[in-house]
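Q: The structure follows.
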Amino acid sequence: MPYHEFDCSKCIPERKMHAVTKGAGEDLTSCLPLGYLNTIPGTISERGCAYCGAKHVIGTPMKDVLHVSHGPVGCTYDTWQTKRYISDNDNFQLKYTFATDVKEKHIVFGAEKMLKENILEAFDAFPHIKRMTIYQTCATALIGDDINAIAGEVMEERPDVDIFVCNSPGFGGPSQSGGHHKINIAWLNQKVGTVEPEITSDYVINYVGEYNIQGDQEVMLDFFKRMGIQVLSTFTGNGKYDDLRAMHRAHLNVLECARSAEYICDELRVRYGIPRLDIDGFGFKALGDSLRKIGLFFGIEDRAEAIIAEETARWQPELDWYKERLMGKRVCLWPGGSKLWHWAHAIQAEMGVNVVSVYTKFGHQGDMEKGVSRCGEGALAIDDPNELEGQEALRNLRPDVIFTGKRPGEVAKKMRVPYLNAHAYHNGPYKGFEGWVRFARDIYNAVYSPMHQLSALDISQDAIPGDTGFMTRRMLSDATLPEAVRNDPSMRPYTGAFDPIAAIRAKTDYPEFPRRSAIEAAE
Amino acid sequence: MNCEVKAKDRVGTINPIFTCQPCGAQYVSIGVKDCIGIVHGGQGCVMFVRLLISQHLKESFEIASSSVHEDGAVFGALDRVETAVDVLLMRYPHVKVIPIITTCSTEVIGDDIDGVITKLEDELLAVKYPDREVHLVPIHTPSFVGSMVTGYDVAVRDFVKKFATKGEPNGKVNLITGWVNPGDVTALKHLLAEMEIDATVLFEIETFDSPLMPTGDAVSHGETTVEDLQGTANALGTIALNRYEGGKAAEFLEKKFKVPAVIGPTPIGIRNTDTFLKRLSEMTGKPIPPSLVRERGIAIDAITDVAHMFLADKRVALFGNPDLVLGLAEFCLDLEMRPVLLLLGDDNGRYADDPRIKALQENAEFPMEIVTNADLWDLEDRIKNKGLELDLILGHSKGRFISIDNGVPMVRVGFPTYDRAGLFRHPVVGYAGATWLVEQIANTLFTDMEYKKNKEWLLNVW
Amino acid sequence: MAGKEKNVARANYPKLYTSDPLAEVEPELRAKIGEMENYIMKNCLWQFNSRGWDRRTQNAGILGKTAQLLAGEEVETPTPMEKCHWVDAVMLAREFRERCAWLAGMSGDEIRAVIGKLHARIDWLTIDGSLNQELTVQNY
């Protein structure tokens, strides 16, 4: 077994089976770390809690909803304004968060009465919003408040409102992943099937496991609209509450982040017979194949091909420009869950980088199966990494760049490793063809930052060059490139806008495809 | 009376001003050298606080979790604390101090952390680490009591309580800064140095602003030592700058060790800094040196450049930590501004007796509201729906959308200020802080005038 | 909802292989199958549904249809589920035709035999030989 034992974790031998190095000829039957097991206390793990997995990751991207946490104020505060899941209704869900503000007297005497007052108050403060989600927290789970009963009472008294309850206290499971599961199943059980949608296309999908980070969902919706596909709902980025109640009417579930949302897809398959099609919105090939597959399913592959041709022509020259300059750069791909497999192969194949390590802080062995498969030989895969292991790995691997969360990014910074935000992105969106170029651009900007180069210089000991007043990224990146590549007219750096989403939102010229029924009637 | 003090008139909280107690305790813990705290509860209670602190300071700090999962929540989770302490000690050989910080879940299930600390001292520490200096500090910070501010106050007291040891008088002053930034500590230490006063600063967090070194091995942590904490019992006296963030520790030292306690004022603005220096002088017998007269003069010069021309009668809303808000409100009055709305984000019963609040009530010359247990909706609702007109907001980053959506300029101040670069590096206390604040306020108003084309030509000549 | 018994049945899907089914395959053919295996493991997601019984269905559905497509057979897709398998099979067949020139010279039976071996290998990697301890969890 190719387990990797960290020096810093020799004293906690149970950690040994949580890291592997993929050696020559290794496959999933010999090389897979343990995963999704209880965290070892005191290791300084990066994991969060099941409340955050439910509320912060999956619930809150729903845009037309009052998101209420039933508990002390901290859970609410802490999971507010730390994400970049935007929405096209002026980011309502990012701006407003609601805490029932449970105090000691409520812990002693119960908090159901004040929960009800809270619900009414919140609806009264925002009279144009008629939908609410309520999230249980550790404290209210332990005192046993019956949130469902209170929500039911309010819905009876106010027939125009609808409330979803998610009972996923922070301690529920080894990581935030426990909360992903609970909210998937809770939504399916409580809400799916309670609204009948208007069907406007012959091709109807739910777009599942997509959170509209910096506009990813809107990029993908643009493609779907260009194909004449009706997206009934997005689970949950930029998603509408009532749209998500109608998920049962889709013909196909297109699943992006299987880690956080496979549960609802799998159950929709069992209960409603809607097939699950896994896709990758990241990378030219993966995205192109994803659009083709959806096209194939509906018999409209030509529409997908037209988009792929147009987008590739527009953006391939820019992706290639970066690929030439990122070739062989060593990457630690250390995200939360799904990015480790969404990105591992695509960035190697299309940006030329070398993924030397993957980790998952809250994922399962299933995520590692995909991640390990998609890495090359020699890659170090770590489950539930902790502070010291991360530092040891960075010291040993000496990557050129790391993709991880904001706080671990600060650790990397101190170790002189440039970082990109793998969860919220630096300057996304990263989905779509243009998005993928933006990702490459961000990597390039990080790796070839003149300041990064300067940070290595110890002015007390090293020779200070003193021969130039500045360096540019290109002076650094192109120094060793062959002349032909450097001046290749078929390639160019990124030419897009600061905010590509504004243009998508302003778009009105989507093609109209007549419905099959209309064509048949005409014939 | 023009100044009303009232509690928020809603049950719930819309857009909270504070997070909960464990955050305050964690912020204290990172100020202590060779210390890694263990937060006893779910993992989110640590993960998000570390993220919040790292957003504010653009640095990462080490804080551990006992990682309580279902079984612990049902059957008790003290075994998780025992494991956490052992794992932490094994892997971090430099660690000497481990506060055990409770949360709502572990307080509700009634985990006896004081008991487990005794057990750990008798068993684990005595048997496995007999030659190692290790201090375990119980800190009770249930999230359903108080706020991050009271959590900070409790934790400072508990650290002091754990370590303060009677010995020979050390002639030092205990300076308890309250919840401040590295830049504030630098400014305060500068004042102490000019006064030639030897002080124990709780907490030495200048190093939170740490470098990126060619060696790539810099780690951010505080510098207050166990010895510093032990010596607090032997000081000339204690000055707690912030009544609600360190006041408890000052009172403890006075009661237990007869170390005279001076609470306040928060030295924001010229007047409060003057008073702070006066109290230092009284406590130590050291005179205020001419160098500070000059420094004060520079600050007053800077203020005079803008105050009565640009700041007079500007209506300001303030929210954030109570001592900060009150100190800023006092300074605003000295600047001829009108602090019309003060939001204090928790239900601390002691606000009613705060002399600063009483003074504001007695002397307000325009309608002023002070709301306790407030949330940010108390601000936004007044602007959007109740006709409150404002020229400026002073508060932290969580209020940014109120400013953006309602076109009211905002100077970021307090914790957290993640949506502006480098604010932690600058002081708001002392004369340097007064200068920095007033120039931030002025420049923010100038930018707003230009952006809105609101008498932007005024600055053609100044 | 699925009853308890059904879930137990899901968890207790029969094992097909106790060792690598391709261990004895001669190197040249093994290398050819390796190319296909590598493509799937690097680019596809359908083989990684979270439960073992589900993977069994996916692998059989998609690789079965891939073999049919490559062998030039008609593929029936009477249900949405089968259509979904067919979609991934079409994509895979295209890739294989493009990447594996040697397929062109094979008869239908030979192709079916090769894909059969590939199927066994993928089942081994993702189900029977997998180290993933969650494959036998009863619910999603």
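Derivation of every value follows stated rules applied to the coordinates shown; laboratory data play no part. No experiment lies behind these values; they were computed from the predicted model shown. Note: ideal-geometry Cβ built from the backbone for every residue, glycine included; neighbour counts use all protein chains shown.
Q: Of all the C-alpha pairs in the protein assembly as shown, what % are more than 58 Å from each other?
A: For the protein assembly as shown, the fraction of Cα-Cα distances above 58 Å is 15 percent.
Q: Could you work out the percent of alpha carbon pairs in chain A separated by over 29 Å, rounded to a whole number?
A: Numbers: 75340 of 136503 pairs.
Distances greater than 29 Å cover 55 percent of the Cα pairs.
Q: For segment B:452-458, what does the Karplus curve 6.51 cos²θ - 1.76 cosθ + 1.60, with θ = phi - 60°, yield as ³J(HN,Hα) per residue in whole Hz, taken in order and with x for Gly and Pro?
A: So the J values, rounded to whole Hz, are 8, 6, 10, 6, 5, 5, 3.
Q: Going down the list B:Lys8/B:Lys398; A:Lys103/B:Lys119; A:Lys103/B:Lys256; A:Lys113/B:Lys8; A:Lys116/B:Lys8; A:Lys240/A:Lys339, which pairs span over 20 Å between their C-alpha atoms?
A: A:Lys103/B:Lys119; A:Lys103/B:Lys256; A:Lys240/A:Lys339
Q: For chain C, what does -39500 (n - 2.57) per DSSP helix run (n ≥ 4), summed and divided by total residues, give at 222 nm, in deg cm²/dmol to the nearest 500?
A: Details: 5 runs with 80 residues, N = 140.
Result for chain C, helices only: -19000 deg cm²/dmol.
Q: Local charge sum around B:Val149 (other residues, Cβ-Cβ under 12 Å, Lys/Arg +1, Asp/Glu -1)?
A: Details: positive: B:Arg243, B:Lys248, B:Arg350; negative: B:Asp153, B:Glu245, B:Asp323, B:Asp346, B:Asp347.
My count for the surroundings of B:Val149 gives -2.
Q: Taking the Cα centre of the protein assembly as shown as the origin, how large is its charge dipole in debye, to the nearest 20, when only Lys and Arg (+1) and Asp and Glu (-1) carry charge on their Cβ atoms? Display every interim value, and only then the final one.
A: On the way: 123 positive and 156 negative charges, 68 e Å.
For the protein assembly as shown, the charge dipole is close to 320 debye.
Q: What ranking do A:His181, B:His135 get, fewest neighbouring Cβ atoms within 10 angstrom at the top?
A: Ordered from fewest to most neighbouring Cβ atoms within 10 Å, A:His181, B:His135 come out as B:His135, A:His181.
Q: Turning to a different aspect of this structure: Using only DSSP helix segments of four residues or longer, with each worth -39500 (n - 2.57), what per-residue ellipticity at 222 nm results for chain B after dividing by its residue count and rounding to 500?
A: -13000 deg cm²/dmol
Q: Over 10 Å intervals from 0, what percent of Cα-Cα pairs in chain C sits in each interval?
A: Bin by bin from 0 Å, the calculated values are 11, 41, 34, 12, 2.
Q: Over what distance in Å are the Cα centres of segment A:75-134 and segment B:406-442 separated?
A: With segment A:75-134 and segment B:406-442 each reduced to a Cα centre, they are spaced 29 Å.
Q: How big is the charge dipole of chain B about its Cα centre, in debye rounded to the nearest 20, if each Lys and Arg gets +1 on its Cβ and each Asp and Glu gets -1 on its Cβ?
A: Rounded to the nearest 20 debye, it is 580 debye.
Q: Would you work out the charge dipole size for segment A:445-488 about its Cα centre, treating the Cβ of every Lys and Arg as +1 and the Cβ of every Asp and Glu as -1, and quote it to the nearest 20 debye?
A: 160
Q: Net charge near B:Asn460, counting Lys/Arg +1 and Asp/Glu -1 over other residues with Cβ under 14 Å of its Cβ?
A: Here the count lands on 0.
Q: Exposed loop GluC sites (Glu not before Pro) only (DSSP loop, at most 16 other Cβ atoms within 10 Å): please give the longest stretch of chain C free of them, not including the sites.
A: C:77-133
Q: Something else now. Restricting things to Cα coordinates, could you compute the convex hull volume per residue of segment A:1-160 in Å³?
A: Taking the convex hull of the Cα positions in segment A:1-160, it is 178 Å³ per residue.
Q: If the viscosity is 0.890 mPa s and the temperature 25 °C, what Stokes-Einstein diffusion coefficient in µm²/s follows for segment B:173-289 when Rh is the Kirkwood radius over Cα pairs?
A: Answer from the Stokes-Einstein relation: 166 µm²/s.
Q: Can you divide the C-alpha Rg of chain B by 2.2 N^0.38 Å and report the result to two decimal places? Mind dumping the intermediate values first?
A: Values: Rg = 22.6 Å, N = 462, 2.2 N^0.38 = 22.6 Å.
The value comes to 1.00.
Q: Please determine, in degrees from 0 to 90 and to the nearest 10, the orientation of helix B:78-91 with respect to the longest principal axis defined by the Cα atoms of chain B, where the helix direction is its Cα long axis.
A: Compared with the principal axis, the helix lies near 90 degrees.
Q: Apply the Karplus parameterisation 6.51 cos²θ - 1.76 cosθ + 1.60, with θ equal to phi minus 60°, to every residue of segment A:496-505 and state each ³J(HN,Hα) to the nearest whole Hz, in sequence, with x for glycine and proline.
A: So the Karplus estimates, Gly and Pro as x, are x, 8, 4, 10, x, 6, 4, 5, 5, 5 Hz.
Q: What list do you get for A:Phe498, C:Phe96, A:Phe433 if you sort them by fewest beta carbons within 10 Å?
A: A:Phe498, C:Phe96, A:Phe433
Q: Work out from phi, with θ = phi - 60° and the Karplus expression 6.51 cos²θ - 1.76 cosθ + 1.60, the ³J(HN,Hα) of each residue of segment A:512-523, listed in order in whole Hz, and give x for Gly and Pro.
A: 3J(HN,Hα) across segment A:512-523, in whole Hz: 9, 10, x, 5, 4, 4, 5, 5, 4, 5, 5, 6.
Q: Which ordering of B:Met309, B:Met47, A:Met17 is given by a fewest-first count of other beta-carbon atoms within 10 Å?
A: Ascending number of Cβ neighbours within 10 Å: B:Met309, A:Met17, B:Met47.
Q: Going down the table (A:Lys293/C:Lys83; A:Lys225/A:Lys431; B:Lys96/B:Lys128; B:Lys255/B:Lys278; B:Lys255/B:Lys286; A:Lys63/B:Lys386), which pairs top 19 Å between alpha carbons?
A: Too far apart for the 19 Å limit: B:Lys255/B:Lys278; B:Lys255/B:Lys286; A:Lys63/B:Lys386.
Q: Now for a separate question. With all distinct Cα pairs included, what does the Kirkwood hydrodynamic radius of segment B:21-153 come out to in Å, to one decimal, could you say?
A: One decimal place: 14.7 Å for the Kirkwood radius.
Q: Can you give me the long-range amide H partners of B:Val201? Hydrogens built in the peptide plane at 1.01 Å from N, cutoff under 5 Å, separation of 5 or more residues or another chain.
A: Amide H neighbours of B:Val201, under 5 Å, 5+ apart: B:Leu175.
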